[in-house]
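Peer 1: My questions will all concern the structure given below.
The values are calculated or read from the model by the stated rules, or taken from the named source; none is laboratory data. Quantities reported herein were computed from a predicted structural model and do not represent experimental measurements. Using ideal geometry, Cβ is built from the backbone for each residue, glycine included, and neighbour counts are taken over all protein chains shown.
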Amino acid sequence: MAGSVEGIGARVQRREDKRFITGKGRYTDDMAVAGMAHAVFVRSPHAHARVVSINAEAARAMPGVIAVLSGQELVADGVGNLICGWMIHSKDGSPMKMGAWRALESEHVRHVGQAVAVVIAETRAQARDAADAVEVEYEPLPAVVDALDALKEGAPQLHEEAPGNLIYDWEIGDAAATEAAFASAAHVTRMEIRNNRLVPNPMEPRAALARYDEADEHYTLWTTSQNPHVARLVLSAFYNIAPEHKLRVIAPDVGGGFGSKIYIYPEEMVCLWASKKTGVPVKWTCERTEAFLTDAHGRDHYSEAEMALDGENRITGLRVKTVANLGAYMSLFSSSVPTYLYATLLSGQYAIPAIHCNVKTVYTNTVPVDAYRGAGRPEATYLLERMMETAAREVGMDPAEFRRKNFIRSFPHQTPVIMCYDAGDYDASLEAALSAIDYAGFAGRKAEAARRGKLRGIGLSCYIEACGIAPSQAVGSLGAGVGLWESAEVRVNPVGTIEVLTGSHSHGQGHETTFAQLVAERFGVGLDTVAIVHGDTDKVQFGMGTYGSRSGAVGMSAIVKALDKVEAKAKRIAAHLLEASEGDIALEGGTFKVAGTDKELPFFQVALAAYTAHNLPAGMEPGLKEGAFYDPTNFTFPAGTYVCEVEVDPETGKVEIVDFVAADDFGTIINPMIVEGQVHGGLTQGIGQALLENASYDADGQLLSASYMDYTMPRADDVPSYRLMTTVTACPGNPLGMKGCGEAGAIGSPPAVMNAITDAIGTNALEMPATPQAVWAALKAARPAQAAE
Amino acid sequence: MAEVSMVVNGRTVTRTVEDRTLLVEFLREGLGLTGTHVGCDTSQCGACVVHVDGKAVKSCTMLAAQASGSDVTTIEGLASGGELHPVQAAFKEHHGLQCGFCTPGMIMAAVDMIARHGGGALDEATIRAELEGNICRCTGYHNIVKAIAAASETMAGMKTAAE
């Protein structure tokens, strides 16, 4: 029933919306349980310091205070250190150098905001007052915030385990082949490229409510998680909170994640530990400035890149050296971001015969850095697409034509950096975007803008990314501590309604709608008879959660497998009841039909028959419920072209995005409305990175942009209305042909914006964020006479 | 401690609260009206917008005691008799929300915005400028702007029909 009003491809309005628009959403901070107390953390004001003493006497005596707990008690109780779950080896074969990270640090703090103690009190206000009264004496140490500085001789040292602050020195690709490409190059383009540090900022701050039931020795944790089962596994296996069957993790409505809610942070585990220690349920809700100081940040790369071209402007080699700042500690998946999620995408959409990339990761006295929307792929795309535009300008070639000249056109395509692209049509998305923006008419628009005193520029970005992460065996061989499959269970109830239990987690993506559309498509039943269940380890079988644009390509593939099994069993029952051969049974419009006859049975009657079990085929078990695990065979490769047009006011340096076209190839699309929403949001985060956002530290390690007064979140009047279109090549690797759409906008847009601005102002010496001040300064440096006028 | 009394969503409530209690804390923790959210500490994000005596107010910026004697409407009180307010309906129809966290504040701000502009249809530039005090991280504002424009048209039509 393709093209049905509720099936695959239909713009179905979201089923989850009603609770959100009427104020009936249930987020973690909305939860309350009897006797609940509140946690407030005492945090280091220093970026780097020895903790000399913690005096909580006065705090303990304050009204409502139940306990003040510190790191010594945490260690004494055997609570484990936080872990990084992806092992990376340096090029010399040595394992990455991981420093110990305690949930409460009572000896040596390494970033502003690190928790040293926690106050538990009857009310939040009392806990806040008492936290202020905890006296911590620090001996400040010299701090280092910039990754390049941290590698210098004599830099302050963060962890004994990591001499020189170096976590690993990793490489990928063929250095000799790349060197040969450069030795014979007709032209070499070189750039230094910074990818600015960002703060994810989901609008719902993190929160946790932990309850310990002494009689059953059982914990319940409500928390803001993108992956509650992974949280339970880590809390259980590594932090020694409780065995998995004694720990229930519930991620109810979650107000956005963008990667930052993948990780298991100190605060959530401290709430669990404290709930047992104090005997009362403990709730913690992050304040926004705390979020800036503790949520894993994103990006923060410095790179030197070189691209070799032959005499016909074909790319023959790419050489990249990157230093990535991982902050003060290694967050859960931090090690994989600047390696396998970054350097493996450096071939972009282009046939590049030789690539070599060296990555050094570094400790600094800053908030830990981990995956943020795109995770490594935005850094790769920004580097490559800035290089493409710059190389085209240097050799005097139209940037679109330069890209066309180097596109990959036959599939599968094995790149020199692990990835094997399965399908794509890069010409199709490029031509769609160029046609939509009227690329040929740009010169006229530029001239018209000039008459108004504005500098108009156009910039392209042809991105590719890898989603649907990923074959478990493959990621295991690359160091991942987990498999990256997904699970599903389809329960058909005796009355024919259907519950789908998924290991994916929705925190804005609309799974309750799209996943149900898949069931409607397959079984021809109404959406109102289908429920999607997720986010509770007591209800749902183990699953891996939602990140890396994987819930469609991996999560829905698991549902397809489970639906296949349900359909097969139901058809056997229908054939038996209709006295027909199984091969003649078809499921159409919610009814089992016998081909070539008028005999049929509605879906619900077959379901009922499965449960009454009065008349089933010989040997068949009663019931209609099937589970499945789906492990992908490859990554998926969404790709597309973004074109941005800007106008710059040379008097002020202010950039206005006057047009933005996005042409994406996501493979099969279940709900175009929801996919467009994902692109809108991703584009805005990418434009935010390019124009507005920056986690700015001073030399002492104070985060200067730690509130919405200082960190510029994109507002409605900072961004345009977008023009979106899709081209389609189906992904051959999964049953629905899906590729993933959640991160593309954030991956592809920053270079399009920066290419447009640098085109407008006629100088390439500009870094993100391109604030009015930065643009004005670049203009002034490039054209001192004009700027002075 | 202060005794505060106000009408919230049509119901008179009286409570004794600490002087420092914010209106948003009073609504969420005192009355269990958790549809009003807190997304920042600096009155920037607008997730906490409610109506006090018919005007949009960031409830994290007002003490409960200051609101004593007022008529307060929260997101829970916007729909009447089970029927969605036109702004609520437009957010759903135009996919103006994803995670839903900023949504209550967005909707309450939009209702106020449309009313302040005389109930006529709003253009895109006006809507974008008026949303200065509300941050959304999911939608890129594209569909929020569409939803508010559509709701303003619907409400202008309703106003004309009533006249």
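Yes/no matrix, rows are residues, columns are (1) of a type in the set (Gly, Ala, Ser); (2) surrounded by fewer than 24 Cβ atoms within 10 Å (Cβ to Cβ):
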| position | (1), (2) |
| --- | --- |
| A:LYS446 | no, yes |
| A:ILE469 | no, no |
| A:GLY476 | yes, yes |
| A:ARG491 | no, yes |
| A:GLY524 | yes, yes |
| A:LEU527 | no, yes |
| A:GLY535 | yes, no |
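Peer 1: How many residues does region A:598-617 contain that are among the aromatic types (Phe, Trp, Tyr) and either without any contact (Cβ under 8 Å) to a residue 40 or more places away in the chain or in contact with a strand residue (DSSP E or B) (Cβ under 8 Å, 6 or more places away or on another chain) (or both)?
Peer 2: Taking region A:598-617 and keeping what is among the aromatic types (Phe, Trp, Tyr), we get A:603-604, A:611.
Subset that is either without any contact (Cβ under 8 Å) to a residue 40 or more places away in the chain or in contact with a strand residue (DSSP E or B) (Cβ under 8 Å, 6 or more places away or on another chain) (or both): A:603.
Total satisfying the criteria: 1.
Peer 1: Before we move on, is A:ASP759 of a type in the set (Asp, Glu) and either buried (at least 22 other Cβ atoms within 10 Å of the Cβ) or at pLDDT below 95 (or both)?
Peer 2: Numbers: of a type in the set (Asp, Glu): yes; either buried (at least 22 other Cβ atoms within 10 Å of the Cβ) or at pLDDT below 95 (or both): yes.
Here the answer is yes, as A:ASP759 does meet what is asked.
Peer 1: So which residues in region A:676-719 are of a type outside the set (Ser, Thr, Tyr), touching a Lys or Arg at 6+ places or on another chain (Cβ under 8 Å) and farther than 30 Å from B:GLU93 by Cα?
Peer 2: Within region A:676-719, A:ASN694, A:ALA695 qualify.
Peer 1: A further question follows. Within region B:132-146, track down each residue that is of a type outside the set (D, E, K, R) and assigned to a helix (DSSP H, G or I).
Peer 2: Taking region B:132-146 as the starting set, the residues that turn out to be of a type outside the set (D, E, K, R) are B:133-136, B:138-145.
Within region B:132-146, B:GLY133, B:HIS142, B:ASN143, B:ILE144, B:VAL145 qualify.
Peer 1: On the given criteria, is B:ALA125 more than 12 Å from chain A (Cβ to nearest Cβ) and of a type outside the set (Asp, Glu)? First the steps, then the outcome.
Peer 2: Values: more than 12 Å from chain A (Cβ to nearest Cβ): no; of a type outside the set (Asp, Glu): yes.
Answer is no for this residue.
Peer 1: Sticking with this structure for a sec: Can you run down the residue pairs with Cβ atoms below 6 Å, 6 or more apart or on separate chains, where the first is in region A:19-39 and more than 8 Å from every other protein chain (Cβ to nearest Cβ) and the partner is assigned to a strand (DSSP E or B) and among the basic types (Lys, Arg)?
Peer 2: Note: pairs meeting the criteria are A:VAL33/A:ARG211; A:MET36/A:LYS283; A:HIS38/A:LYS283.
Peer 1: Consider A:LYS24 against the criteria (1) more than 29 Å from the chain's Cα centre (by Cα); (2) assigned to a loop (DSSP other than H, G, I, E, B): it satisfies all of them except one. Which criterion is unmet?
Peer 2: Exception for A:LYS24: condition (1).
Peer 1: Need the failing condition index for B:LEU78 against (1) buried (at least 21 other Cβ atoms within 10 Å of the Cβ); (2) more than 7 Å from chain A (Cβ to nearest Cβ); (3) within 10 Å of the chain's Cα centre (by Cα); (4) in contact (Cβ under 8 Å) with a residue 40 or more places away in the chain, just the number.
Peer 2: (4)
Peer 1: Ok, one more. Exactly one of these conditions fails for B:SER5: (1) surrounded by fewer than 15 Cβ atoms within 10 Å (Cβ to Cβ); (2) small (Gly, Ala, Ser); (3) within 14 Å of chain A (Cβ to nearest Cβ); (4) farther than 24 Å from A:ASP253 by Cα. Give me its number.
Peer 2: Condition (3) is where B:SER5 drops out.
Peer 1: Free of Cβ contacts under 8 Å to residues at least 24 places away in the same chain, touching a helix residue (DSSP H, G or I) at 6+ places or on another chain (Cβ under 7 Å) and in a helix (DSSP H, G or I): which single residue out of B:ALA125, B:ALA149, B:ALA129 fits that description? Break it down into steps so the answer makes sense when it comes.
Peer 2: Numbers: B:ALA125 fails: touching a helix residue (DSSP H, G or I) at 6+ places or on another chain (Cβ under 7 Å); B:ALA149 fails: free of Cβ contacts under 8 Å to residues at least 24 places away in the same chain.
Step by step, each of B:ALA125, B:ALA149, B:ALA129 is checked, and only B:ALA129 is free of Cβ contacts under 8 Å to residues at least 24 places away in the same chain, touching a helix residue (DSSP H, G or I) at 6+ places or on another chain (Cβ under 7 Å) and in a helix (DSSP H, G or I).
Peer 1: So which residues in region A:293-332 are among the aromatic types (Phe, Trp, Tyr) and surrounded by fewer than 24 Cβ atoms within 10 Å (Cβ to Cβ)?
Peer 2: Of all residues in region A:293-332, those among the aromatic types (Phe, Trp, Tyr) come to A:302, A:329.
Of everything in region A:293-332, just one residue is among the aromatic types (Phe, Trp, Tyr) and surrounded by fewer than 24 Cβ atoms within 10 Å (Cβ to Cβ), namely A:TYR302.
Peer 1: In addition: With the requirement that a residue be among the charged types (D, E, K, R) and under 20 Å from the mean Cα position of the chain (by Cα), what does region A:289-299 give you? Can you show your working first?
Peer 2: Pass one, region A:289-299, residues among the charged types (D, E, K, R): A:290, A:295, A:299.
Those that are among the charged types (D, E, K, R) and under 20 Å from the mean Cα position of the chain (by Cα): A:ASP295, A:ARG299.
Peer 1: Restricting attention to region A:296-304, does a residue exist that is at pLDDT 95 or above, closer than 20 Å to A:PHE238 by Cα and of a type outside the set (D, E, K, R)? First the steps, then the outcome.
Peer 2: Start the filter on region A:296-304 by keeping residues that are at pLDDT 95 or above, which leaves A:296-304.
Pick out the ones that are also closer than 20 Å to A:PHE238 by Cα and you get A:296.
Narrowing the set further to residues that are of a type outside the set (D, E, K, R) leaves A:296.
Taking every residue of region A:296-304 in turn, at least one turns out to be at pLDDT 95 or above, closer than 20 Å to A:PHE238 by Cα and of a type outside the set (D, E, K, R).
Peer 1: For region B:130-153, does any single residue satisfy the condition of being over 21 Å from A:LEU683 (Cβ atoms), of a type in the set (A, V, I, L, M) and surrounded by fewer than 24 Cβ atoms within 10 Å (Cβ to Cβ)? Before you say what the answer is, go through the steps one by one.
Peer 2: Of region B:130-153, the ones over 21 Å from A:LEU683 (Cβ atoms) are B:130, B:133, B:150-153.
Subset that is of a type in the set (A, V, I, L, M): B:150-151.
Next cut, surrounded by fewer than 24 Cβ atoms within 10 Å (Cβ to Cβ) only: B:150.
Yes, because at least one residue in region B:130-153 is over 21 Å from A:LEU683 (Cβ atoms), of a type in the set (A, V, I, L, M) and surrounded by fewer than 24 Cβ atoms within 10 Å (Cβ to Cβ).
Peer 1: Checking B:SER152 against (1) among the polar types (S, T, N, Q); (2) more than 14 Å from the chain's Cα centre (by Cα); (3) at the interface with another protein chain (Cβ under 7 Å from one of its Cβ atoms), which single condition isn't satisfied?
Peer 2: (3)
Peer 1: Same structure, new question: Check every one of the helices (runs of 4 or more DSSP H) wholly within region A:193-309 and list those with 2 or more residues that are over 30 Å from A:ALA150 (Cβ atoms) and in contact with a Phe, Trp or Tyr (Cβ under 6 Å, 6 or more places away or on another chain).
Peer 2: Values: elements: A:228-237, A:266-278, A:288-294.
Result: A:266-278.
Peer 1: Please enumerate the residues belonging to region A:218-256 that are aromatic (Phe, Trp, Tyr) and at pLDDT below 95. Even if it seems obvious, please write down each step before you answer.
Peer 2: Let us first name the residues in region A:218-256 that are aromatic (Phe, Trp, Tyr), namely A:219, A:222, A:238-239.
A:PHE238, A:TYR239, listed by residue number.
Peer 1: Scan region B:26-48 for residues that are under 14 Å from B:LEU63 (Cβ atoms) and either buried (at least 22 other Cβ atoms within 10 Å of the Cβ) or in contact with a Cys (Cβ under 7 Å, 6 or more places away or on another chain) (or both) and report the count.
Peer 2: Residues flagged as under 14 Å from B:LEU63 (Cβ atoms) and either buried (at least 22 other Cβ atoms within 10 Å of the Cβ) or in contact with a Cys (Cβ under 7 Å, 6 or more places away or on another chain) (or both) within region B:26-48 amount to 4.
Peer 1: Now for a different question. Could you list, in sequence order, all residues of region A:505-543 that are among the acidic types (Asp, Glu) and either without any contact (Cβ under 8 Å) to a residue 40 or more places away in the chain or not in a helix (DSSP H, G or I) (or both)? Even if it seems obvious, please write down each step before you answer.
Peer 2: Of the residues in region A:505-543, the ones among the acidic types (Asp, Glu) are A:512, A:521, A:528, A:536, A:538.
Within region A:505-543, A:ASP528, A:ASP536, A:ASP538 qualify.
Peer 1: Go through B:VAL57, B:VAL145, B:VAL50 for me and flag whichever is over 26 Å from A:ARG206 (Cα atoms) and in contact with a Leu (Cβ under 8 Å, 6 or more places away or on another chain). So that I can check it myself, show each step before the final result.
Peer 2: Numbers: B:VAL57 fails: over 26 Å from A:ARG206 (Cα atoms); B:VAL50 fails: over 26 Å from A:ARG206 (Cα atoms).
Result of the check over B:VAL57, B:VAL145, B:VAL50: B:VAL145.
Peer 1: Moving to a separate point now. Kindly indicate whether any position in region A:280-296 is out of contact with any strand residue (DSSP E or B) (no Cβ under 6 Å at 6 or more places or on another chain), of a type in the set (Lys, Arg) and more than 14 Å from chain B (Cβ to nearest Cβ).
Peer 2: No, region A:280-296 has no match at all.
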